Each structure stands twice: as C-alpha cells, then as structure tokens.
Amino acid sequence: MKATGIVRRIDDLGRVVIPKEIRRTLRIKEGDPLEIFTDKEGEIILKKYSPISELSDFAQEYADSIYQSTKHPVCITDTDNVIAVAGVAKKDLIDKPISQDLEKYLEEKKTVMLGTGKDKGPIKISEGQDFTITSQVIVPIISRGDTIGSVVIFTKETGETVTEVEAKIAETAAAFLGKQMEE
C-alpha cells in the first residue's frame, strides 16, 4: 500500500473526508458507492463499488455470444474498467480503465455509432489500447436511471463498419444487463 502523506480526522458523526486529489485520481465522484474492507492488521480499505462487476462471469458469456453471432469484437464495461471482452485478446482490454472519451459518451446516456460516416470517428475504449478501431457502437447500461457501464461492439478491419443490426444487439444486451442489476 502506498502512503499519501495526507492525514484526516474523523468527525463527530464518524465521517472522514477523502481528499479531492485522491478522488480525482481514482475517479470517485459525489454519490459513488464505496465498498469497505478490513484486514488482519487493522487497515481499512475503500474500493469503488461496481454493481455490474458482480455479473462479470455472466457479462463474459454474453460478450462471447454476441461475438459468435456478429463476428465483431465486443466489450462490456462498468463505469471505470473493461469487465468482459470477446473477439480480441483479453490482455488488450480486460481490467483496463476506460478512456475519458468513452466516459463522456456514457454520461450522455444514449446510443452512439462512430466511424460509420454519420458521426465522428471511433474512440479508444481504454487509454492503453494498442489497436485501431474502424467503427463502433457504444450503448450505456442503465439501471434505475444511473449509467453503470456500457456494451461496445466494434470493428477493426478497414472497410468494415457496424450497422443498425449491431446497434440493436448492443441495445438489447445493455437493457438486459441493466434489468439484471435491478433485481
């Protein structure tokens, strides 16, 4: 564990303020849920809670199914990281932070098709991504009115583009995963 040199006191209601610099670095916003862990040495560990990560095995099976049907790579994300990948090497995306561009599209809470000639060019899914995307559809996963992740279907080959069919498949997947989180 890395020390920050920052010390905070507990107030009379048992609260501790997480410094702005740490919240910014860890992408923690007001209202974000945090999980609390303790260890044997008496340390308290706070981790940003991702409700959709509970479905990561299911999300992986869903991504595999979409890839088998469309033959286009697929990834499913929470609001911070890629949690499921099919059609590209997992090491390229899995558990990597999503890009700031993808985060901005998720905030809009609407389906976006990029690189199809109708809109802007495609964006990186993850900042560390080292392959080129030629087109993509990005669909936010919404549960109880909040964006909790995304389904992204994309193409990598020159001349290939996603179509309205892939958009509908991604929208169906996102709606289904969102409903799973409401139960």
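Read-outs: derived from the displayed coordinates by stated rules, not from any lab. Keep in mind the model is a prediction, meaning the values are calculated, not measured. Positions of Cβ are backbone-derived with ideal geometry, glycine not excepted, and every protein chain shown enters the neighbour counts.
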> Using alpha-carbon pairs under 8 Å, 6+ residues apart, how would you state the relative contact order of the stretch 1-49 in percent?
Replying inline: 23
> What relative contact order, as a whole-number percentage, does the chain give when Cα pairs under 8 Å and 6 or more residues apart are counted?
Replying inline: 16
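Can you compute the helix-only [θ] at 222 nm over the chain? Use -39500 (n - 2.57) per DSSP H run of at least 4 residues, normalise by all residues, nearest 500 deg cm²/dmol. Could the numbers behind the result be given before it?
On the way: 5 runs with 53 residues, N = 183.
Estimated from H runs of four or more residues: -8500 deg cm²/dmol.
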>> Just to be sure I understand the curve: with the Debye formula and one point per C-alpha of the stretch 1-49, what is log10 I(q)/I(0) at q = 0.15, 0.18, 0.23 Å⁻¹?
In response: -0.47, -0.69, -1.16
> What residue among GLU35, GLU21, GLU160 has the largest mean-square fluctuation in a Gaussian network model of the chain, using Cα springs under 10 Å?
Replying inline: GLU21
> Are there trypsin sites (Lys or Arg not before Pro) in the stretch 28-117 that DSSP puts in a loop and that have at most 16 other Cβ atoms within 10 Å, and which ones?
Replying inline: LYS29, LYS40, LYS71, LYS109, LYS110
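Need one number: the % of Cα-Cα pairs in the stretch 101-182 sitting beyond the 14 Å mark.
On the way: 1988 of 3321 pairs.
Looking at the stretch 101-182, the distances longer than 14 Å represent 60 percent of pairs.
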>> P(r) for the chain, please, calculated from all Cα pair distances in 5 Å bins and given in %.
In response: 1, 8, 16, 20, 18, 12, 9, 7, 5, 3, 1, 0, 0
> Among LYS47/LYS156; LYS47/LYS71; LYS90/LYS110; LYS2/LYS110, which pairs are too far apart, with a Cα-Cα distance over 32 Å?
Replying inline: LYS47/LYS156; LYS47/LYS71; LYS2/LYS110
>> Springs between alpha-carbon pairs under 10 angstrom, Gaussian network model over the chain: which of THR25, THR163, THR116 fluctuates most?
In response: THR25
>> Using only the alpha-carbon atoms, how far is helix 56-70 inclined from the longest principal axis of the chain? Give it as 0 to 90 degrees, nearest 10.
In response: 10
>> At a 10 Å Cβ-Cβ cut-off, how would you order ILE44, ILE133, ILE22, fewest neighbours first?
In response: ILE44, ILE22, ILE133
